[in-house]
Amino acid sequence: MMKQRLLGLFATAFSFGFVACNNSGDNTSASVDTTTDDVNTATTTATSTGSYAAQADSFRINSEAGAYVDARTGKKIRIKVDPETGARTNMETGEPVDYYVDTRTWWVYGDQGFDTIGTAHMEGKNLRFRDHKNKWVPFDDRWKKDDDGDLKMKTEDVKMKVDKDGDMKIKTDDGKVKITEDGVKEKD
């Protein structure tokens, strides 16, 4: 039973790590243009690197329309996306945007990925996030980063910490699992 539970937690943690590392933007495609005549054959290969130009344009338009709010403050923000790197920054302050909410869908995005990580809604003037118990809670109760940049998540029976290097620690009533680039370590 414990091994099944820890294996499930490992799979979940692995998925978080895969999603966090799977959005590099280095998409490469090749096209071949072949010209043939009776004398010779010429083949030309062109390679292009993916960019974030489409996201940059979309964020500019949606920011101007007021579609984004800062997940920590609930205040509207305008987000700029670097067309080369995909990095998101606050247009007014120039600071990185790590968590934000798209108010058209109330989906939450975070940690420089383009995948949703949760849902939100407004309660009066306060932004709230759906937790694992299907309750609406403040930002710090749903996602908490300590001063070192470590992400901590807690449910009724599971505690998980992801440090800034990507190493994970998962603790349950049945044991502990530590996942590093060196592999998985399990303790009862």
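Would you point out the residue of the stretch 91-101, among those that are of a type in the set (A, V, I, L, M, F, W, C) and not in a strand (DSSP E or B), that is nearest to Asp70 (Cα to Cα)? Let's see the steps before the verdict.
Of the stretch 91-101, the ones of a type in the set (A, V, I, L, M, F, W, C) are 91, 97, 101.
Adding the requirement that they be not in a strand (DSSP E or B) leaves 91, 97.
Numbers: Met91: 12, Val97: 8 Å.
Only one residue tops the list, namely Val97.
Counting only strands (runs of 3 or more DSSP E) that sit completely within the stretch 102-143, zero hold 3 or more residues that are among the small types (Gly, Ala, Ser) and either under 12 Å from Val69 (Cβ atoms) or without any contact (Cβ under 8 Å) to a residue 40 or more places away in the chain (or both). Looking only at the stretch 67-90, which residues are part of a loop (DSSP other than H, G, I, E, B) and either modelled with pLDDT of 95 or more or in contact with a Cys (Cβ under 6 Å, 6 or more places away or on another chain) (or both)? Once the filter is applied, which keeps residues that are part of a loop (DSSP other than H, G, I, E, B) and either modelled with pLDDT of 95 or more or in contact with a Cys (Cβ under 6 Å, 6 or more places away or on another chain) (or both), the stretch 67-90 yields Ala67, Ile77, Arg78.
Inspect the stretch 152-164 for any residue being assigned to a loop (DSSP other than H, G, I, E, B) and modelled with pLDDT of 95 or more and give the result as yes or no.
Filtering the stretch 152-164 for residues assigned to a loop (DSSP other than H, G, I, E, B) gives 155-157, 163-164.
Applying the additional criterion that residues be modelled with pLDDT of 95 or more yields none.
No - not one qualifying residue is present in the stretch 152-164.
The C-beta contact set for the stretch 55-75 (first residue of a type in the set (Val, Ile, Thr), second residue crowded, with 16+ Cβ neighbours inside 10 Å and part of a loop (DSSP other than H, G, I, E, B), distance under 8 angstrom, 6+ apart or interchain) comprises Val69/Ile77; Val69/Thr103.
Looking at the stretch 58-86, which of the residues that are of a type in the set (Lys, Arg) and more than 12 Å from Leu127 (Cβ to Cβ) is surrounded by the fewest Cβ atoms within 10 Å (Cβ to Cβ)? Write out each step before concluding.
Filtering the stretch 58-86 for residues of a type in the set (Lys, Arg) gives 60, 72, 75-76, 78, 80.
Those left that are additionally more than 12 Å from Leu127 (Cβ to Cβ): 60, 78, 80.
Numbers: Arg60: 15, Arg78: 18, Lys80: 17.
Among those that are of a type in the set (Lys, Arg) and more than 12 Å from Leu127 (Cβ to Cβ), it is Arg60.
The values are calculated or read from the model by the stated rules, or taken from the named source; none is laboratory data. These numbers come from a predicted model, not from an experiment. FYI the Cβ positions are ideal-geometry reconstructions off the backbone, even for glycines, and counts take in every protein chain you see.
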